[in-house]
Amino acid sequence: LLDVAPADFPQLLYPFYEQHCGQRIAYAQETLTVSAADDELAATLDVACGSPAVAIERTALGYDRTPLEYRLSRAAAENFRYQVDIS
């Protein structure tokens, strides 16, 4: 994946991982937390220091429970909305 240009990554990463890496994501766990943005995060998000910020940590695993992806996403909480569909 290090040889793939960021612009070449599609919006749906899991089919991409399967096609290019031969790895299928079977399970993912996410944890959402809200905390006050420190100076560095506030500058990155273009919000005031101390503003609420959401952190989403995801670990995705293969069928054998081998970790295949770790992702940390952060966003300003002001207009944040998170939806999960379970079927």
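The values are calculated or read from the model by the stated rules, or taken from the named source; none is laboratory data. All of these numbers come straight from a predicted model, not from anything done at the bench. Cβ placement follows ideal geometry from the backbone for every residue including glycine, while neighbour counts extend to all protein chains displayed. For the accessible areas, the whole protein counts, side chains as well, though only heavy atoms, and no ligand, DNA or RNA atoms are used. Shrake-Rupley method; radii C 1.70, N 1.55, O 1.52, S 1.80 Å.
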| request: Describe numerically, in nm with one decimal, the distance between label points set 7 Å from Cα along Cα→Cβ at GLU57 and at ASP85. | output: 2.9 nm
| query | Counting other Cβ atoms within 10 Å of each Cβ, which chymotrypsin sites (Phe, Trp or Tyr not before Pro) in the chain have at most 11 and sit in a DSSP loop? | reply | TYR63, TYR82
| task | Please state the charge dipole magnitude for the chain, taken about the Cα centre, from unit charges on C-beta atoms (+1 on K and R, -1 on D and E), reported in debye and rounded to the nearest 20. | result | 300 debye
| field | Computed E for GLU78/GLN29 - FRET, C-beta separation, R0 30 angstrom, nearest 0.05 | value | 0.70
| field | Dipole axis of the chain (+1 Lys, Arg; -1 Asp, Glu on Cβ), positive-most option in TYR82, LEU72, PHE9 | value | TYR82
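Can you give me the convex hull volume of the Cα atoms of the stretch 48-87, divided per residue and expressed in Å³?
77 Å³
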| When the convex hull of its Cα atoms is projected in every direction, mean area for the stretch 25-70 (nm²) | 3.5 nm²
| field | Rounded to whole Å, sorted largest first: equivalent-ellipsoid semi-axes of the chain, Cα gyration tensor | value | 29, 17, 12
| said: In Å², and per residue, what accessible area does the chain have when probed at 1.4 Å with the other protein chains present? | reply: 79 Å²
| task | Give, in nm to one decimal, the length gained when the segment between GLU40 and GLN11 is fully stretched (0.36 nm per residue of separation minus the Cα-Cα distance). | result | 7.7 nm
| task | Using a 10 Å Cβ count of at most 13 others and DSSP loop calls, identify the longest part of the chain lacking such trypsin sites (Lys or Arg not before Pro). | result | 25-64
